[in-house]
Amino acid sequence: MKNFKYSILGLAAIFGAVSCADFLEVEPKDRVTGDALLSSDGGINAYMASHYYNLPIEDFRFDFTGGGYNVGRCDGGKTNMMSGPEAVHSEWGDVASQTDRYGNWEALYKYVRGYNELKENIPLMKPSNPATIDRVMGEYYFMMAYTYFALARRYGGVPLITEVQQYNGDYEAVKVPRSTEVDTWRFILDLCDKAAASLPDATTQERANRWTAYALKSRAALYAASVGKFWNREGAMLTGDAVTQKLVGGFTDADIEFFYRECIDASAEVIRSGRFALYGENPSSPEEAAENYRKLFVEGKGISEVMFLRDYVYPGIAHNMGKWHEPNQLSVEYGGRCCPTLDLVESYAVIDPVTRKGTYDVKLATTVDGNEDYGTNAFDAGVAYRRYDDMAEIFADRDPRLYASVILPGTQWGGQTILIQGGLRRADGSVVWQANDSYTFDGVTYYGKGDSDEGRYSGWVDNRANGTRSGFLLKKYLKGQGDQVWDQVTTPFVDLRYAEVLMNYAEAVAESALPDAQGVMTAREALNKVHRRAGFLDDLDLTSENVRRERRSEFALEYNSIWDYFRLREFHTIFDGSFRRRGLVPMLDFTSGEKKYIFVRAEVEPGNAQHKFEPKAYYRPIPGISSNGLVNNPNY
């Protein structure tokens, strides 16, 4: 009971309902029937808050390894990005193989039932403003669309249930067969349309409105179109009864075109509204672009780009994002769990400081001869490492979004210089590798990890879980201070933003060759709005490659970015059994007779496992088929 009350209290506060104390004492039931709850605006707000709390947003309280939604602590700071190529967990090396844990069938259908109960209760509501009824009905459609989207991207075609099922002892009477995957996606888009028709023309960030419904439709339609287009990607083919019955796959060319067109049209509705804009759309410098981008994820409330977010309050509903992920130097007990990879860092374009034109596929210069594929996984005396005067020089002039998303060695953060160092090379050429041996040079004592006190560095700490193992740490979503108190972090989670709508539009046109939407900017212009907001001054051609590059830089290390690898059927091509996530180890070097820095490429995953993604994992197994009679997904 106590937890239930706190949940309602916290979320009701978000909707301005904290003054109505009486509704907090209503006994919670599977189905609300109390007149006291539905007969006042405060009670209705509290009731809706409980449903928003159950909305399956994959946010700071989501544990993809099996804990599910709204788990609070999300022990260990396991985040979605750690199950892909963008980051590695500091402690656990098997996280990348845990994409098989993205299920949650039971939880999602529990939410479906709750939303259908909401629909049944709408006629009982007695708000002071009759327009509230239309809004609540629109929210019902939005919540159903959101939940079925979570189901479809995990399972393909699923049972479509739009009424509260009553079990009267006859199990057969309540069984609902799976719909085809195509029909499931069409159902989701229809729910989005119904939501948009009933929701207000508003920009409230914490509650659904017309434009969030269209933004969700844009996201879902692009996902469906991508699955259809890339279903036959080499190595991704699936067979079995579910395929034959089109419960997964089964897209025709007409279906694929339909979903791309729906994405284009839904995106155009948002653009045409004129209600949203990229934050810091025309930065005067790359530095300003980086700071604007950083603010999106910690100061999202009130920013016009942010269309839908999950808010938190303390006391009430809070999270532990900063608690798990701030660097060891700033941490209180825990920290440093998310380690972005070298592959991600090098994917950011180089930006010319004069022309501000971007150049892609430029590796960090770690060697004198320019060979960055020498294949060593530790310091190699046979490699001529390039020497730098400071740690920052090797990372200079990259896409500003890198500096806003990743803590690089030597970054100023939280009032400190974040010290990430993995060893040193003495003047005689002998090496200290990921140890903290001391070395005196010209009367000054240096340490392999940068300092004699473990509390004053953040790389390769003895308590390995709290220090980066890749040479990089997460910055996106963090504040640098004030976000490390257990269960008290209230940084909002940005779920839908205008930049995604623009990128969805650009991708749908690029991948489909369909014409641009009428009456709004072109897809190329949409792509370059996002590109230029990042500080670039050049324009990109509208190609699939450019869209993917831009999308990766814009959405890197975000919770939803992992699903791009699913919908584009890229996971099995990355985690092919030989791929290992890599990092960069900065070292002091004294072999030139001066204090310099060198950087060593290294595989950084704990253990020796090499991850292999099986194509069947693009769909999750359906539980309980022996009793529910459903056809399971391929190869389960």
Inset, instruction - Within the stretch 476-529, track down each residue that is under 22 Å from residue 307 (Cα atoms), charged (D, E, K, R) and either surrounded by 24 or more Cβ atoms within 10 Å (Cβ to Cβ) or touching a residue at least 24 places away in the same chain (Cβ under 8 Å) (or both). - result: 476, 479, 495, 497, 500, 507, 529
Inset, instruction - Exactly one condition in (1) in a helix (DSSP H, G or I); (2) under 30 Å from residue 572 (Cα atoms); (3) β-branched (Val, Ile, Thr) is not met by residue 239; state its number. - result: (1)
Legend entry - Which numbered condition residue 290 fails, given (1) part of a helix (DSSP H, G or I); (2) touching a Gly at 6+ places or on another chain (Cβ under 9 Å); (3) under 30 Å from residue 133 (Cα atoms): (3)
Inset, instruction - Being in contact with a strand residue (DSSP E or B) (Cβ under 9 Å, 6 or more places away or on another chain) and farther than 29 Å from residue 480 by Cα is the filter; apply it to the stretch 413-429 and report the residue that is surrounded by the fewest Cβ atoms within 10 Å (Cβ to Cβ). - result: 427
Inset, instruction - Identify the residue in the stretch 299-338 that is hydrophobic (A, V, I, L, M, F, W, C) and modelled with pLDDT of 95 or more and, among all such residues, is surrounded by the fewest Cβ atoms within 10 Å (Cβ to Cβ). - result: 309
Inset, instruction - Confirm whether residue 389 is more than 18 Å from residue 473 (Cβ to Cβ), at pLDDT 95 or above and surrounded by 14 or more Cβ atoms within 10 Å (Cβ to Cβ). - result: no
Legend entry - Long-range neighbours under 6 Å by Cβ, at least six apart or interchain, first residue touching a residue at least 60 places away in the same chain (Cβ under 8 Å) within the stretch 46-70, second assigned to a loop (DSSP other than H, G, I, E, B) and of a type in the set (Gly, Ala, Ser): 61/72
Inset, instruction - May I ask you to list the residues in the stretch 374-401 that are in contact with a strand residue (DSSP E or B) (Cβ under 6 Å, 6 or more places away or on another chain) and on the phi > 0 side of the Ramachandran plot? - result: 397
Legend entry - Answer from 478, 496, 424 - the residue that is in a strand (DSSP E or B) and in contact with an Asp or Glu (Cβ under 9 Å, 6 or more places away or on another chain): 424
Legend entry - Residues that are of a type in the set (Ser, Thr, Tyr), within 19 Å of residue 344 (Cβ to Cβ), out of contact with any His (no Cβ under 9 Å at 6 or more places or on another chain) and assigned to a loop (DSSP other than H, G, I, E, B), drawn from the stretch 53-90: 90
Inset, instruction - Say whether the condition of being under 26 Å from residue 462 (Cα atoms), out of contact with any helix residue (DSSP H, G or I) (no Cβ under 6 Å at 6 or more places or on another chain) and of a type in the set (Lys, Arg) is met by at least one residue in the stretch 410-427. - result: yes
Legend entry - Filter result for the condition that a residue is exposed (fewer than 14 other Cβ atoms within 10 Å of the Cβ) and under 15 Å from residue 593 (Cα atoms), over 382, 443: 443
Inset, instruction - Only residues in the stretch 265-289 that are closer than 23 Å to residue 220 by Cβ count as the first member; pair them with residues that are of a type in the set (Gly, Ala, Ser) and part of a loop (DSSP other than H, G, I, E, B), Cβ under 6 angstrom, at least 6 apart or cross-chain, and list the lot. - result: 268/517; 276/304
Inset, instruction - Taking only the stretch 574-601 into account, find how many residues are closer than 29 Å to residue 534 by Cα, not basic (Lys, Arg) and not in a strand (DSSP E or B). - result: 1
Legend entry - Verdict on residue 423 being in contact (Cβ under 8 Å) with a residue 24 or more places away in the chain and within 25 Å of residue 435 (Cβ to Cβ): yes
Inset, instruction - Taking the options 507, 525, 545, 554, name whichever one is closer than 20 Å to residue 290 by Cα and acidic (Asp, Glu). - result: 554
Inset, instruction - State all residues of the stretch 513-524 that are under 26 Å from residue 230 (Cα atoms) and over 25 Å from the mean Cα position of the chain (by Cα); if no residue qualifies, say none. - result: 513, 514, 515, 516, 517, 522
Inset, instruction - Determine whether residue 152 is over 28 Å from residue 303 (Cβ atoms), surrounded by 16 or more Cβ atoms within 10 Å (Cβ to Cβ) and out of contact with any Lys or Arg (no Cβ under 8 Å at 6 or more places or on another chain). - result: yes
Legend entry - Counted residues, the stretch 384-402 - those being assigned to a loop (DSSP other than H, G, I, E, B) and within 19 Å of residue 342 (Cα to Cα): 8
Inset, instruction - Scan the stretch 479-495 and give yes if some residue there is over 29 Å from residue 313 (Cα atoms), among the aromatic types (Phe, Trp, Tyr) and in contact with a strand residue (DSSP E or B) (Cβ under 8 Å, 6 or more places away or on another chain), otherwise no. - result: no
Legend entry - Residues of the stretch 322-377 classified as free of Cβ contacts under 8 Å to residues at least 40 places away in the same chain and in a strand (DSSP E or B), total: 2
Inset, instruction - Take the residues in the stretch 168-189 that are among the charged types (D, E, K, R), outside any helix (DSSP H, G or I) and modelled with pLDDT of 85 or more, then tell me which one is farthest from residue 631 (Cα to Cα). - result: 175
Legend entry - Filtered residues of the stretch 507-526 (kept if assigned to a helix (DSSP H, G or I) and either more than 16 Å from residue 281 (Cβ to Cβ) or of a type outside the set (A, V, I, L, M, F, W, C) (or both)): 507, 508, 509, 510, 511, 512, 523, 524, 525
Inset, instruction - Take residue 27 and decide whether it is at negative phi and at pLDDT 90 or above. - result: no
Legend entry - Selected residue [touching a Leu at 6+ places or on another chain (Cβ under 7 Å) and among the aliphatic types (A, V, I, L, M)] from 202, 221, 225: 221
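The values are calculated or read from the model by the stated rules, or taken from the named source; none is laboratory data. Here the structure is a predicted model, which means the values were calculated and not measured. Don't worry about glycine lacking a Cβ; one is built from the backbone with ideal geometry, like all the others, and counts go over all protein chains shown.
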